[in-house]
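> This is the structure, below, for whatever I ask next.
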Amino acid sequence: MITAEQKPIDEIREMIGPFKRILVLGCASCVAECAAGGEKETAMLGSALRMAAKMEKKEVVIEEKTLDRQCVNEFIVLLDDTIDQYDAVLSLGCGAGVQAVADMFPETPVIPALNTEFLGETKAQGLWMENCLGCGDCMLYYFGGVCPLARCSKQLFNGPCGGSVDGRCEINPEMDCAWQLIIDRLSRFNALDRLEDIYPPKDWSRKQGSGPRKIVREDQQR
Amino acid sequence: MYREQQITLGLFYCQNVPESREENRQALEEEFGKSLRLFPIPCSGRLEPVHLLKALERFADAAFIITCPVGACRYFEGNHRAKKRVERTRKILSDIGMEPERVGIAIGSKEAPKTLAQQAREIFREISLLGPSPVFGQE
Ligand code: SF4
Ligand code: SF4
């Protein structure tokens, strides 16, 4: 999923400063899972912003709503009837959600309330870890299901670097050495021979070689 | 005795706190009148920052939670969680320029258990110095 964290309240307040009627818009998908922009967090932010405004005796209307997904038009259209009531949307969607809402309602400023961070996994309650860079050419098969691009501090394809201690990365001892994990997993499946090959440097053209990427699936289209 | 005061307390409490049955709640609300609004919850771990925030936004000058003693939570870690959520709420309050002490937690003691009424009085004493919340303005 996509992970995110809420921006500092000061920054948010500065951005919404000029507006008088604000819709605080949550998203019940990825950013809810990482406790940044779901219904609960949207209610908290709305409440905090209303109190802040009252303390400054500012006359503003701040209301909340949470869409099931903020990056899918079928859900964004649900705002059709109400969007005109607001002069700005404060979005707790990821960067894709913010832009999708802005695309649908070009007349309305859409302000991000979150910093979108990475593609990752919920490791434990309250702990999210980056584990994929979305490179466009997945090599997890060769590396036993552990991504050296996302999880090795040096992004080595032909590791390990030799610096790990007790299975910990030498750059950041709080992290597991990705290459220790790769070797452990490949050994478990008797597949260490996959590491006999020398892997050439990553071909990044599949990620950012020709500008923004898109996926076209005719079978999914109308 | 607190009826004359202008402070309103939103008080959440775990239903396992001593003498916190329905009749105790009613008696307390009668005694304190509008100054006290009580919210029983099955475990303090159910408390979310949004509950405290909404109380402060809508009616309360302070919002507190009373939990069972450390190690005595029926669901093991409810009170531990409640503590973290109160801390989180306090951070939000200071971010918007409100005194963080307007939310708080009273953790019960195994050695010297206190009833809901005793705890409520102690919390009132604690918050009386804070005065009315800036959210409602001083007309
Ligand atoms: S190789 Fe790594 S970055 Fe690329 S798609 Fe696979 S997991 Fe993601
Ligand atoms: S210690 Fe392991 S994870 Fe860290 S840089 Fe070296 S090979 Fe990569």
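> Which residues of the stretch B:114-139 show a drop of at least 50 Å² in accessible area when all protein chains are present, compared with their chain alone (probe radius 1.4 Å, heavy atoms only, ligands and nucleic acids excluded)?
B:Val135
> Separate question: Chains B and A: buried accessible surface, both sides, probe 1.4 Å, rounded to 100 Å²?
Summed over both sides, the interface buries about 1500 Å².
> With θ taken as phi - 60° and the coefficients 6.51, -1.76 and 1.60, list the Karplus ³J(HN,Hα) couplings across the stretch A:149-158 in order, rounded to whole Hz; mark glycine and proline as x.
6, 8, 10, 9, 4, 9, 6, 6, 8, 10
> What does the convex hull of the Cα atoms of the stretch B:28-114 come to per residue, in Å³, rounded to a whole number?
Measuring per residue, one finds 97 Å³ for the Cα hull of the stretch B:28-114.
> With a Förster radius of 51 Å, plug the Cβ-Cβ distance of A:Ala191 and A:Thr82 into 1/(1 + (r/R0)^6) and report the FRET value to the nearest 0.05. It would help to have the intermediate numbers written out before the result.
Working: r = 55 Å, r/R0 = 1.07.
Given R0 = 51 Å and the Cβ-Cβ separation, E is 0.40.
> Taking the Cβ-Cβ separation of A:Arg206 and B:Glu22 as r and a Förster radius of 56 Å, what is the calculated FRET efficiency to the nearest 0.05?
0.30
> Ok, one more. If you take the Cα Rg of the stretch A:2-118 and divide it by 2.2 N^0.38 Å, with N the number of residues, what do you get?
0.96
> Next question. Using only the alpha carbon atoms of the stretch A:134-208, find the Kirkwood hydrodynamic radius as the inverse mean reciprocal pair distance, in angstroms to one decimal.
Mean inverse Cα-Cα distance, inverted, gives 12.7 Å.
> If you count the DSSP beta bridges with both ends in the protein assembly as shown, what percent of them are antiparallel, to the nearest 5?
Values: 11 of 42 bridges.
So the antiparallel bridges in the protein assembly as shown amount to around 25 percent.
> Rounded to the nearest percent, how much of the accessible area of the stretch B:11-113 (1.4 Å probe, protein heavy atoms only) is carbon and sulfur?
Using a 1.4 Å probe with all protein chains present, the stretch B:11-113 comes out at 50 percent carbon and sulfur.
> Per residue, what accessible area does the stretch A:2-118 have, given a 1.4 Å probe and all protein chains present, in Å²?
Working: 5390 Å² over 117 residues.
Here the per-residue accessible area is 46 Å².
> A further question on this structure: Rg/Rh for the protein assembly as shown to two decimals, with Rh computed the Kirkwood way over all alpha-carbon pairs.
For the protein assembly as shown, the value is 1.08.
> Sticking with this structure for a sec: Per residue, how many Å² of accessible area does the stretch A:124-222 show with a 1.4 Å probe?
Accessible surface, normalised per residue, equals 72 Å².
> Given H placed on each backbone N at 1.01 Å, which residues far from A:Glu117 in sequence or on other chains put an amide H within less than 5 Å of it?
Here A:Thr3, A:Ala4, A:Glu5 satisfy the definition.
> Peptide A:41-47: average number of partner chain Cβ atoms within 10 Å per residue?
5
> Roughly how crowded by other chains is peptide B:6-17, in terms of the mean Cβ count from those chains within 10 Å of each of its Cβ atoms? Please report the intermediate quantities before stating the final value.
Working: counts 0, 0, 0, 0, 0, 0, 0, 0, 0, 0, 0, 0.
Average neighbour count from other chains, rounded to a whole number: 0.
> If you wrap a convex hull around the Cα atoms of the stretch B:1-63, how much volume per residue is inside, in Å³?
For the stretch B:1-63, the hull spanned by Cα atoms encloses 75 Å³ per residue.
> Additional query: Take every Cα pair under 8 Å in chain B that's 6+ residues apart, average their separations, divide by the length, and report that relative contact order as a whole percent. Walk me through the numbers before you get to the answer.
Numbers: 231 pairs, mean separation 40.8, N = 139.
Computed value for chain B: 29 percent relative contact order.
> List the relative contact order of chain A as a percent without decimals, with contacts defined as Cα pairs under 8 Å and 6+ residues apart.
17
> I would also like to ask the following. Residue by residue through the stretch B:7-21, what is 3J(HN,Hα) from phi via Karplus (6.51 cos²θ - 1.76 cosθ + 1.60, θ = phi - 60°)? Round to whole Hz and write x for glycine and proline.
Residue by residue, the stretch B:7-21 yields 6, 10, 10, x, 10, 8, 8, 5, 6, 8, 5, x, 6, 10, 6 Hz.
> Which whole-number value in Å² is the accessible area per residue of the stretch B:9-134, probe 1.4 Å?
Result: 48 Å² per residue.
> At 1.4 Å probe size, with the rest of the protein present, what percent of the exposed accessible area of chain A is carbon and sulfur atoms?
In chain A, the share of accessible area belonging to carbon and sulfur is 49 percent.
> 5 Å is the cut-off here: which amide hydrogens, built 1.01 Å from N in the peptide plane, fall below it relative to B:Gly108, excluding neighbours closer than 5 in sequence?
B:Thr67, B:Cys68
> Sticking with this structure for a sec: Show the residues, 5+ positions off or on another chain, whose built amide H is closer than 5 Å to the amide H of A:Glu170.
Correct list: A:Ser164, A:Val165.
The values are calculated or read from the model by the stated rules, or taken from the named source; none is laboratory data. Bear in mind the structure is a predicted one, so any value in this text is a computation, not a measurement. Virtual Cβ from ideal backbone geometry, glycine too; neighbours counted across all protein chains shown. Areas reflect the complete protein model, heavy atoms only, side chains present, ligands, DNA and RNA absent. Shrake-Rupley method; radii C 1.70, N 1.55, O 1.52, S 1.80 Å.
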